[in-house]
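Notes follow the structure.
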Amino acid sequence: MEKRYEITEKQLVFLEDFLLRKYPGISNETKIELIDHLVSDFEVTTENGNLSQYLSNELEFIARFVFKGVSLMKKTYRKETWEQFFKFFTEPKLLLISISTLLFFYFLNETVTDKIVYLVTIILSTLIFGYSVFKGMIKNKELKNLDEVKFLGNEIWLPFTLVQLLGITNLCYSIMKYCWLYTLVALFIIIYGLSALMVILKHKKIILEKYKHLLN
């Protein structure tokens with residue numbers, strides 16, 4: 001379709017302010033993509049150049065678009081964490097950490113009581129979780145409402161929650177009857193936790209650099 005109207009600079013400012021007011025945590029990528037789509041559609045379909053009326057008719061679409069952007073961001077962090085997890089079994093330096101963790105838990109499970117083995121597991125996972133929160137979270141009030149900040153630490157909860165559930169359900173003691181099985185479970189808990197930490201630190205640096213103009 002050939003466009004019949006060209007949006008004004010004032011309307012562009014209004015559109016961006018509208019999106020930021022309604023969705024203050026919207027990421028830059030989602031905002032830019034959404035504005036591009038809305039502007040193109042508005043210029044083609046508008047009859048009278050009334051942007052406010054157009055936006056009121058597109059509220060449902062805008063909400064779906066923003067939600068899709070949030071969902072995509074969560075998936076991105078999860079995907080990167082899994083990619084980092086598998087690097088612990090393919091890259092020589094990280095593989096050394098995996099092998100050391102594997103041997104540590106195997107021999108620990110063979111030499112001490114089940115309670116001590118579980119205690120060591122929960123202490124290590126808690127230390128990784130606590131360090132991730134302390135070192136990786138972004139607490140700047142100018143940034144904390146951004147989606148890419150709000151969902152940055154989502155993946156650190158998986159190993160921490162898993163180790164808690166193993167204790168609450170006493171499943172850990174059942175698994176410990178099979179030394180190799182508990183070793184694999186403990187390996188996953190520690191390595192996934194480290195992977196999530198590495199992704200957090202990586203994206204924290206990217207986000208702080210990206211939005212450094214808001215922190216001055």
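The values are calculated or read from the model by the stated rules, or taken from the named source; none is laboratory data. Quantities reported herein were computed from a predicted structural model and do not represent experimental measurements. Ideal geometry is used to build each Cβ from the backbone, glycine not excepted, and the neighbour counts take in all protein chains shown. Only protein heavy atoms, including side chains, enter the accessible area calculation; ligands, DNA and RNA are left aside. Shrake-Rupley method; radii C 1.70, N 1.55, O 1.52, S 1.80 Å.
Structure notes:
- Mean Kyte hydropathy of -0.5 or more with a Cα span along the axis of at least 27 Å, helices from DSSP in the chain: 59-87, 92-111, 179-210
- DSSP-loop trypsin sites (Lys or Arg not before Pro) across segment 98-162, with at most 10 other Cβ within 10 angstrom: 139, 141
- Here the extension length gained between residue 210 and residue 179 equals 6.5 nm, from 0.36 nm per residue of separation less the Cα-Cα distance.
- Heavy-atom accessible area ranking, 1.4 Å probe, most first, across 40, 27: 40, 27
- Taking every DSSP helix (H) stretch of at least 4 residues in the chain, weighting each as -39,500 (n - 2.57) and dividing the sum by the residue count yields a mean residue ellipticity at 222 nm of -24500 deg cm²/dmol.
- Heavy-atom surface of the chain, accessible at 1.4 Å and reported per residue (Å²): 60 Å²
- Under 14 Å from residue 79, Cα to Cα: aspartates and glutamates that are on another chain or at least 8 residues apart: 155
- Packing here is the average count of other Cβ atoms within 10 Å per residue, and on that basis the peptides 165-174, 100-109, highest first, run 100-109, 165-174.
- The chain, relative contact order in percent, only Cα pairs under 8 angstrom and at least six apart counted: 25 percent
- Of 22/74; 10/150; 75/115; 115/204; 93/150; 31/144, those spanning more than 26 Å from alpha-carbon to alpha-carbon: 10/150; 75/115; 115/204; 93/150
- The distance linking segment 1-56 with segment 128-153 is 30 Å (Cα centroid to Cα centroid, whole angstrom).
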